[in-house]
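Structure, as structure tokens:
The values are calculated or read from the model by the stated rules, or taken from the named source; none is laboratory data. Not measured: the values here are computed from a predicted model. Here the Cβ positions follow ideal geometry from the backbone for every residue, glycine too, while neighbour counts run over all protein chains shown. Just so you know, the surface numbers come from the protein's heavy atoms only, side chains and all, with ligands and any DNA or RNA stripped out. Shrake-Rupley method; radii C 1.70, N 1.55, O 1.52, S 1.80 Å.
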Amino acid sequence: QVQLVESGGGLVQTGESLRLSCAASGRTFSLYRMGWFRQAPGKEREFVAAITRSSGSTNYADSVKGRFTISRDNAKNAVYLQMEMLRPEDTAVYYCAAAQVPRAFREVKNYDYWGQGTQVTVSS
């Protein structure tokens, strides 16, 4: 089992940057595929980015490709989301998630553990 705690959210202006962090408990963090999702008010939770266990592969939603970068540090039990050129439509609660089995990485149902979320607000 793994527990996840996100941090780094906040209020920024359009075009600014933020770096989200997700700290994981447990000694088996490196065995989990990790993902970032977000949920805006009145909308469903959506995929943002994912990274394989060894950081060998990353994947992004089209809406963030080229602006966001996911990374992980297995020695520190952490995963990060560097967000550049933020837009008002990026405003949402951002969630870190862990998957034990590497199934389709864009689907919420394929992740076993979730953090409590961190709010990101981008003003225009």
Any hit, the stretch 30-39, residues being at pLDDT below 95, hydrophobic (A, V, I, L, M, F, W, C) and either in a helix (DSSP H, G or I) or over 12 Å from the mean Cα position of the chain (by Cα) (or both): yes
Tabulated pairs, the stretch 24-53, first more than 14 Å from LEU81 (Cα to Cα), second open to solvent by 60 Å² or more (accessible area, probe 1.4 Å) and among the acidic types (Asp, Glu), C-beta under 9 angstrom, 6+ apart or interchain: TYR32/ASP112; GLN39/GLU46; ALA40/GLU46; ALA40/GLU89
Among (1) closer than 28 Å to GLY42 by Cβ; (2) out of contact with any Lys or Arg (no Cβ under 8 Å at 6 or more places or on another chain); (3) not polar (S, T, N, Q) - the single one LYS76 does not satisfy: (1)
Residue under evaluation GLN1, criteria (1) surrounded by 22 or more Cβ atoms within 10 Å (Cβ to Cβ); (2) more than 30 Å from SER124 (Cα to Cα), criterion not met: (1)
Odd one out for SER71 among (1) touching a Lys or Arg at 6+ places or on another chain (Cβ under 8 Å); (2) open to solvent by 20 Å² or more (accessible area, probe 1.4 Å): (1)
Candidates GLY66, GLY42, GLY56 - the one that is within 19 Å of GLU16 (Cα to Cα) and open to solvent by 60 Å² or more (accessible area, probe 1.4 Å): GLY66
Test: residue in the stretch 82-98 that is part of a strand (DSSP E or B), of a type in the set (Ser, Thr, Tyr) and modelled with pLDDT of 95 or more: yes
Count of the stretch 4-36 residues which are within 17 Å of THR121 (Cβ to Cβ) and aromatic (Phe, Trp, Tyr): 1
Residue selected from the stretch 7-25 under the condition touching a Ser or Thr at 6+ places or on another chain (Cβ under 7 Å) and part of a strand (DSSP E or B), by the criterion surrounded by the most Cβ atoms within 10 Å (Cβ to Cβ): LEU20
Selection count where residues are surrounded by fewer than 17 Cβ atoms within 10 Å (Cβ to Cβ) and farther than 23 Å from THR28 by Cβ, scope the stretch 80-124: 11
